[in-house]
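Each value in this text was obtained by applying a stated rule to the coordinates, not by laboratory testing. Just so it is clear, the model here is predicted, and its values are computed rather than measured. Here the Cβ positions follow ideal geometry from the backbone for every residue, glycine too, while neighbour counts run over all protein chains shown.
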Amino acid sequence: MKRRILISLGFILIVATGLILLILSSNHTETANHHNINQSEISNDNETQKEDDEEQDKSESEAENGDEDQNDTEQDDESANTVKNIIAEVVQSTLNFFSNKDLTIVAVGDSLTQGVGDSENAGGYVGIIDRTINEENQLAHIQNFGKRGDRTDQLLVRLDDPKVATSITEADIVLITIGANDIMQVVKENFTHLTYSKFAEERGEYEKRLRDVFDRIQSLNEDANVYLIGFYNPFKKFFPDIEELGLIVDDWNAIGKKVTKDYDQVTYIPTKDLFLDEDIELFADDHFHPNDRGYERMAKRVLNYITTEDR
């Protein structure tokens, strides 16, 4: 019973966090307005001193803003350098692998494939892979059919879309992120009486749908190498004491890994470990999707799996 309450509270706190931020923002505005009223009541004898202080504050503020702008620029430069460094680590093996092959990569799945959280809306990890491979020459053709919110049942429908189906038929490599929204669907349907058993019950159905996804892809193209990219635990940072959240992610990742072993051309790529570093911010402002650095780690991992033999 205690665990059931903790799980429910965990997801309620996620919603409550947004409301708290809104309230704090409102209070800040009221405080600023109150400060302005008090300033207007200062006596005329202090007006000259006030103006001098304001001029000094203005100068200091401009100096601080200049420093902040410089810091922002330095952070942007640091982020860009991080991308280059991560890409540099895998770029040579990547280029060697893709040279003279004219491969086609098709990415399907949910918001992680679409690239939600990418500050430049440049396709997340798929966009980084594209830019790494094709930075100097067009070595591979990459198509991204990721759609935010997609579950396994919705992905199955999209695989019947003529454009998607044709692309998979012509693909050498298929990348998939799917499953996180299946978990969130359990939350939505059982929000007021959420228990670990609800997720356990749905796991079996998720496994069936995941097998249907692989069966459909192989019916379209039995020669394509398919990679299922596992998901991470976005709640660990904010709810470290609710162990069930981590267990749910582990259980569903285990299903993905288990299913991929039953298919010769399908490989499971883990990502949970990539997001355990608490010293580096790896999530976007929504605290759910990866930010640029998070996607960089995913791209590097995926490229390592694609380009390394005997995985």
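What the table shows:
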read-out	value
Protection proxy ranking, peptides 198-208, 282-292, average beta carbon neighbours within 10 Å, highest first	282-292, 198-208
Between the range 282-311 and the range 209-255, the alpha-carbon center distance in angstrom	14
Relative contact order computed over the range 215-311 (Cα-Cα under 8 Å; 6+ residues apart), in percent	29
Whole-angstrom Cα spans of the range 228-290 along principal axes, big to small	37, 22, 18
Environment charge of Tyr268, counting only residues whose C-beta is closer than 9 Å and scoring Lys/Arg +1, Asp/Glu -1	+3
Anisotropy class of the range 182-233 from Cα gyration tensor, a/c 1.5 cut	prolate
